[in-house]
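Okay, structure first, notes after.
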Amino acid sequence: MFITGYAVMAGAAERLVLGYDSFGNICGRKNTPVKGAPLSGQDMTSKKYVFFLNSCSLEMQSLKISSLSLCVSSCPQEQLNSLEDLQSFARNNGSCLCVYNLNISSYTLNPKAAELCPTLPVPPSKSFPLFNRCVPQNPECYSKYASVLISMVNEMDVFHRILSGILAGRDTVIGLSVLALALSFILVLVFRFIRTLLVHTLIALVLFGLLFVSGVLWWLYYDYRNDPSTELETEKENVKFLLGYAIFSTIVTVVLLSLTLVLRKRLQFTVQLFQIVGKIIGRIPFLLFQPLWTFLILIVFWVFWVAVLLSLGTAGTAQTTAGGQVEYRALPGICYMAWYHFIGLIWTSEFILACQQMTIAGAVVTCYFNRNKKSPPPHPVLSSISVLFCYHLGTAVKGSFLITVLRIPRIVLLYLYKILKQKENSCAKCLFKCCFCWFWCQESCLRYFNQHAYTTTAINGTNFCTSAKDAVFILAKNSAKFASISCLGDFILLLGKVFVVCFTVFGGLMAFNYHRELQAWVVPLLLVGFFAYLMSHSFLSVFEVTADAMFLCFAIDMETNDGSAEKPYFVDQELLTFVSQSNKLTEGQKHRSMRPFQDNEDGTELQPMV
């Protein structure tokens, strides 16, 4: 909030959203004069759009756009080929595309009109819906335009090419993102009503899709490598990325195929597991929509975060330059605020995800520890949200902070590794890889224990540290009993995530390869694949969190109660039978009692509550 307030006080947010010209005027409002700038201080209430005089050939000089920019009332939607066309457009639309001190009648008479008017021909353009810029619609001009605007925020060349490629293929990227969202939601419904046939169908689709995508990647790599027109640096980078994608896809295909062969005999238990989880979700149907609300909240936060970041990039004080133009010089300390802002991105995103996990865990706990299974408690999701916001926000903050502490060193190591790739230092590279993998493993383990700590908090109402300690104790005591069951569900969920990513990437391969004029399209395709994985993980995490919370409740139920009339179990017979049969298969015992989770030797018989 401090950074947001600073950006607003510095005028950056208003200049960014409304736009400003080269003379210190903010478009869409009345302006105050800037000393030494005769064209400043004008009333731009009716002129809401920023127009660059040289939109097809923008260049950066010291991270500033060299072209003059003006505030105009409308963007030219048709190509203008001459000064007469500019004059006619100004008279018919009331939008002057030349410098303010040049009268419309002088467009064709003033000898300096070529310097004071835009470069001809002027491409057709439309206003960008968020930042009120006249964006050229010609693909070549648009790509250059986007690349230069992005460089105002970050001067890294790779960053330029990636985001310009995304913006140049924005329709394709948006379409693929919607496809990933639709596939994720369909997959959630499939898992809700899963049957043996659906499991076999899903496995077949995933393996077939991986084989097909791997083949397409290898074919594209061969096609691009032998294309004689591949000369640009971005095209050579595409070839390298395609080779990496093909190798990675082939490895994933081989690994998943091997795991499928190993676990094929346990598919029936997987079906039973998802039927039990689906039964719990059937009692709480609003859990299926929880990832959608989380995703919408994340999108709003990310848009807000990007807006503040861009505001920081344009924050500064007005200074007059030669020719009466105005520049905004960056204030000292902005770079440190950007790093602080980046940490806030990670922490807040993890906090939102932690709130989702606690909401799901709280709803599952409420239903599990309900004596009357035929009459579930009313509004368990709303009840879980209210308990979270009233009592356990600190738990979510602490858990997300620990994830952030481990995430930041990993990002720093990745950045340093990219720098070392340009130097011949194999030992240092190997060390950074090992450190990166170590932090990644620690983060994965911490996520697993955090999730169970949230469930323990929902059960006992204790703080984060106490809940984490109790969760570790229970998991350590029952790890051998739940490991095989958890692996079954995680493997099928992994196949579901791979299914979404596989078909989204395949659609991207066809779309981007069809539009080869989008030079840097391989990295945007990687980001689309990451978005698809994020979507599938967000939706399928409902089943993952529900299953983990259910088994933790089961373990605590076995620890707390003894099955007697005074302390009966909360578990129903279906879950009890499933856990017992799964452990029989794992341990290879044909004759096993129905009390595998009791440590006492008093002979108490397991009597679940129905």
For the range 452-469, what are the residues that are open to solvent by 20 Å² or more (accessible area, probe 1.4 Å), closer than 17 Å to TYR391 by Cβ and part of a helix (DSSP H, G or I)? ALA458, ILE459, ASN460, CYS465, THR466, ALA468
Among what's in the range 475-531 and is of a type in the set (Gly, Ala, Ser) and at pLDDT below 70, pick the residue that is nearest to the chain's Cα centre (by Cα). ALA520
Considering only the range 428-451, I want to know if a residue exists there that is at pLDDT below 90, open to solvent by 50 Å² or more (accessible area, probe 1.4 Å), assigned by the TED database to the domain that holds LEU287 and touching a Cys at 6+ places or on another chain (Cβ under 7 Å). no
In contact (Cβ under 8 Å) with a residue 12 or more places away in the chain, closer than 16 Å to VAL571 by Cα and open to solvent by 50 Å² or more (accessible area, probe 1.4 Å): is that true of PHE369 in this structure? yes
Which condition breaks for ILE104 when tested against (1) without any contact (Cβ under 8 Å) to a residue 24 or more places away in the chain; (2) open to solvent by 60 Å² or more (accessible area, probe 1.4 Å)? (2)
THR108, sole failed condition from (1) farther than 18 Å from LYS47 by Cβ; (2) assigned to a helix (DSSP H, G or I); (3) in contact with a helix residue (DSSP H, G or I) (Cβ under 7 Å, 6 or more places away or on another chain): (2)
Going by the structure shown, is ILE251 aliphatic (A, V, I, L, M), touching an Asp or Glu at 6+ places or on another chain (Cβ under 8 Å) and modelled with pLDDT of 75 or more? no
Check the range 327-344 and report whether any residue there is at pLDDT 75 or above, assigned to a helix (DSSP H, G or I) and under 22 Å from PHE464 (Cβ atoms). yes
Kindly check whether there is at least one residue in the range 532-548 that is modelled with pLDDT under 85, among the aromatic types (Phe, Trp, Tyr) and open to solvent by 10 Å² or more (accessible area, probe 1.4 Å). yes
Does LEU242 count as modelled with pLDDT under 80 and crowded, with 19+ Cβ neighbours inside 10 Å? yes
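Could you identify the single residue in SER106, SER88, SER95 that is more than 43 Å from the chain's Cα centre (by Cα), modelled with pLDDT of 90 or more and among the small types (Gly, Ala, Ser)? Walk me through how you get there before you give the answer.
Values: SER106 fails: modelled with pLDDT of 90 or more; SER95 fails: more than 43 Å from the chain's Cα centre (by Cα).
Testing whether each residue is more than 43 Å from the chain's Cα centre (by Cα), modelled with pLDDT of 90 or more and among the small types (Gly, Ala, Ser) leaves just SER88.
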Any chance the range 132-140 includes a residue that's on the phi < 0 side of the Ramachandran plot, modelled with pLDDT under 75, assigned to a helix (DSSP H, G or I) and not assigned by the TED database to the domain that holds ILE284? yes
Report every pair of residues separated by at least 6 positions or lying on different chains whose Cβ atoms are under 7 Å apart, first residue within the range 163-178 and over 17 Å from MET510 (Cβ atoms), second β-branched (Val, Ile, Thr) and at pLDDT below 80. LEU163/ILE150; SER164/ILE150; ILE166/VAL173
Selection from the range 259-309 of residues that are at pLDDT below 80, closer than 24 Å to TYR368 by Cβ and among the β-branched types (Val, Ile, Thr): THR270, VAL271
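For every residue, the table says whether it meets (1) assigned by the TED database to the domain that holds LEU116; (2) touching a Cys at 6+ places or on another chain (Cβ under 7 Å); (3) open to solvent by less than 70 Å² (accessible area, probe 1.4 Å); (4) modelled with pLDDT of 90 or more.
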| position | (1), (2), (3), (4) |
| --- | --- |
| MET1 | no, no, no, no |
| THR4 | no, no, yes, no |
| ALA10 | no, no, yes, no |
| ILE26 | yes, no, yes, no |
| ARG29 | yes, no, no, no |
| PRO33 | yes, no, no, no |
| LEU39 | yes, no, yes, no |
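Just checking, which of CYS96, CYS56, CYS71, CYS75 is open to solvent by less than 30 Å² (accessible area, probe 1.4 Å) and either assigned to a loop (DSSP other than H, G, I, E, B) or touching a strand residue (DSSP E or B) at 6+ places or on another chain (Cβ under 6 Å) (or both)?
So the residue among CYS96, CYS56, CYS71, CYS75 that is open to solvent by less than 30 Å² (accessible area, probe 1.4 Å) and either assigned to a loop (DSSP other than H, G, I, E, B) or touching a strand residue (DSSP E or B) at 6+ places or on another chain (Cβ under 6 Å) (or both) is CYS75.
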Filter result for GLN581 (at pLDDT below 80 and not in a helix (DSSP H, G or I)): no
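The values are calculated or read from the model by the stated rules, or taken from the named source; none is laboratory data. Fair warning: this is a prediction, and the values are worked out from it, not measured in the lab. We place every Cβ from the backbone using ideal geometry, glycine too, and count neighbours over all the protein chains shown. When the accessible area is computed, the model is the full protein with side chains, heavy atoms only, and any ligands, DNA or RNA have been set aside. Shrake-Rupley method; radii C 1.70, N 1.55, O 1.52, S 1.80 Å.
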